[in-house]
Amino acid sequence: MENETVAYVLALLASGRSSGFTASLLDAAIQGARSVEGVEVARVRLHSHRFGPCTSCFNCIRDEDHECTLHDPMGGDGTLMAEVKRANGIVIADPVHKWGTSAQCHLFIERLYPFVWSGRLEGMPFASISCASNQGMQRLANRNLCKWAFTLGLRYVGGLPVHTAYIEQARAEAEALGQRLGQAALVDAQDRRPYPEPERYVDYLNAPWSPLEPYLDNLTGGTMAYDGSLIAQGLQTFRQREAIELLQQAREPFTQALALYQRGEYQNACRELVRASALWTHATWKEFLEEDVVGTRAPSAYRPIEDELTS
Ligand SMILES: Cc1cc2nc3c(=O)[nH]c(=O)nc-3n(C[C@H](O)[C@H](O)[C@H](O)COP(=O)(O)O)c2cc1C
């Protein structure tokens, strides 16, 4: 009896070298994913697709279906975008560039912005591989990929920071990672489970990158105290009544999150941070974005770029 394909894994190569070190790790991951019965894998080289950066037109927010209106492979009707929408799991293999991710990888992730609004990728399994062959910083690069997975609501199956000093061993690890991704993709194909923020924040405590500390650090300007924080400052400087009310509501869960974090109660700190974050994000949206972004077809500052690209 022939095997029936039930899950689709997208294996993305972000390196410009189609058969270099990064590619060999991706191929090992593909082998692992293909070893799972019912999993089909598509290997796609990002450099074979020509697409530009997000132009901040915000059409994907206003559009009912949250589609990107740019006419390139990552636009709403683009070939690469169609692959992403079809996927039950994605693995990206990225060469380490300048102690971080490659520009091509960043470009791809940036163009996934419409999914932040549609929520269509929420809960989809994701894995990452970062490959360095020189000075290194593969761990830093891989943490960045994990951070992006978090912002898209993806389930982080695992990340593999690799230096070519141990590439043979890493190929075996990449194969195992691919297999785990294949299995997770099968589950996704049957039923994509929602991935609510409280669960996601807590899960990522064990991932290479967790939002808890950087988020609190950023809101407090590094002091981990309420006084002088962005929320305290916003209460002084915001003008919109609704925005100020939201900030007032954010104060309590935010101070709770800080206290719990200081006590080492990280899971509870995450739950309070999720509450504070929703209020803070909503407040900044009301204060800075709503009128300009949602109320008009496109913010006037961005129209020249948009016109250039679509003409
Ligand atoms: C623009 C650029 C920047 C790079 N920066 C780093 C770096 O910061 N650390 C490092 O170890 N290797 C660096 N490299 C080397 C790549 O990591 C190397 O190409 C790696 O082996 C990726 O595999 P691949 O090129 O075979 O796909 C860089 C390469 C390029 C082209």
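The values are calculated or read from the model by the stated rules, or taken from the named source; none is laboratory data. Fair warning: this is a prediction, and the values are worked out from it, not measured in the lab. As a convention, Cβ positions derive from the backbone with ideal geometry for all residues, glycine included, and neighbour counts pool all protein chains shown. Accessible surface areas use protein heavy atoms only, side chains included; no ligands, DNA or RNA. Shrake-Rupley method; radii C 1.70, N 1.55, O 1.52, S 1.80 Å.
When the residues of segment 95-122 are filtered to those that are crowded, with 19+ Cβ neighbours inside 10 Å and in a loop (DSSP other than H, G, I, E, B), the one that is nearest to the ligand (Cβ to nearest atom) is VAL96.
Among the residues of segment 57-94, how many are under 27 Å from ALA185 (Cβ atoms), of a type in the set (Val, Ile, Thr) and not in a helix (DSSP H, G or I)? Counting residues in segment 57-94 that are under 27 Å from ALA185 (Cβ atoms), of a type in the set (Val, Ile, Thr) and not in a helix (DSSP H, G or I) gives 3.
Can you run down the residue pairs with Cβ atoms below 8 Å, 6 or more apart or on separate chains, where the first is in segment 19-41 and free of Cβ contacts under 8 Å to residues at least 24 places away in the same chain and open to solvent by 20 Å² or more (accessible area, probe 1.4 Å) and the partner is within 16 Å of the ligand (Cβ to nearest atom) and among the charged types (D, E, K, R)? Sorted first by the residue in segment 19-41, then by its partner, the pairs are ASP27/ARG43. Being buried (at least 19 other Cβ atoms within 10 Å of the Cβ) and outside any helix (DSSP H, G or I): is that true of PRO208 here? When the stated conditions are applied, PRO208 passes them. Filter segment 123-141 for residues that are more than 6 Å from the ligand (Cβ to nearest atom) and not in a helix (DSSP H, G or I) and give the result. Within segment 123-141, GLY123, MET124, PRO125, PHE126, ALA127, SER128, ILE129, SER130 meet the criteria.
Only one entry in LEU46, LEU13 is in contact with a helix residue (DSSP H, G or I) (Cβ under 8 Å, 6 or more places away or on another chain), near the ligand (Cβ under 9 Å from one of its atoms), open to solvent by less than 10 Å² (accessible area, probe 1.4 Å) and within 22 Å of LEU145 (Cα to Cα), namely LEU13. Could you say whether any residue in segment 283-290 is loosely packed, with under 14 Cβ neighbours inside 10 Å and modelled with pLDDT under 90? Within segment 283-290, one or more residues are loosely packed, with under 14 Cβ neighbours inside 10 Å and modelled with pLDDT under 90.
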